[in-house]
1. Report those helices (runs of 4 or more DSSP H) wholly inside segment 1-94 carrying at least 2 residues which are of a type in the set (S, T, N, Q) and at pLDDT 70 or above.
2. Anything in segment 208-226 that is of a type in the set (D, E) and without any contact (Cβ under 8 Å) to a residue 12 or more places away in the chain? List them, or say none.
3. Can you pull out every residue in segment 20-47 that is of a type in the set (D, E, K, R) and either without any contact (Cβ under 8 Å) to a residue 40 or more places away in the chain or touching a helix residue (DSSP H, G or I) at 6+ places or on another chain (Cβ under 8 Å) (or both)?
4. Just checking, how many residues over segment 191-202 are crowded, with 17+ Cβ neighbours inside 10 Å and either of a type in the set (S, T, Y) or assigned to a loop (DSSP other than H, G, I, E, B) (or both)?
Amino acid sequence: MDKTRLSKETLSKTLYERILQNLQPGDKLPAERQLTAELNVGRNSLREALRQFQALGLVDIRHGSGYYRSDINMNSLLLPISDQVAQKRILVEEIVEARLVIELAILRLAFQRSTATKLDTIGQYLETAISLGSNDSPDLRFEELLGEMVGNPILGAMQRLLHLVWKDVTRRGWRHRDKAENHNDHVQIFLSIRSQNLDKAEKLMTDHLRYAVVKFVELNTVDESASDNSPQP
């Protein structure tokens, strides 16, 4: 490896990629001596980086034994986001892109698996949803109900994960869409499901999810050049 010492940022990224990509939960990391030699960093710098990963839930530090990769949790999954503050638009597009894959898959299955009872449950929710919540947080319950109607636990878990990511990154620095407009989108998608118009439902869902990308300039309330702020789509 190049003899030039790694910066803290480069060290963190290198360790992150190595831990996440090459180790499974429970695997032991190489010894400190080996890592400091391979990465050409001091022991203090290495330990500081590993303590940060411990705080994020990515690494377990077992005194007298060494460092181990932890089970991945939400904080460790969100780690890459912190490196993309200056590229907030890209971050928003990537999250929306991922949601489109999952939400549209759920929507298509909903057409196949919907029942009158399940549709009535969603309809009843939509009748009262406009009076619930606020403009300060995203309303994702409609999409969650579609996921529950489909009944695929894997898709459901992936949907919930993306919803958690979306909620986490929209807590600050983002102007949420007007609640009434958001609700109207949900109603129109639901009516398309009721009438078995899949093409219309897919277009409506796509436009609904891509709103954050199309209206990025209006919704983003954090200066992208301010590197001390977290990206909030």
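The values are calculated or read from the model by the stated rules, or taken from the named source; none is laboratory data. It should be emphasised that the depicted structure is a prediction, and the values quoted were computed from it without experimental measurement. Neighbour counts are summed over all protein chains in view; Cβ atoms, including those assigned to glycine, are modelled from backbone coordinates with ideal geometry.
1. So the answer is 8-22, 32-39, 43-55.
2. Scanning segment 208-226 gives a single hit, D223.
3. Matches in segment 20-47: E32, R33, E38, R43, R47.
4. Going through segment 191-202 one residue at a time, the tally reaches 1.
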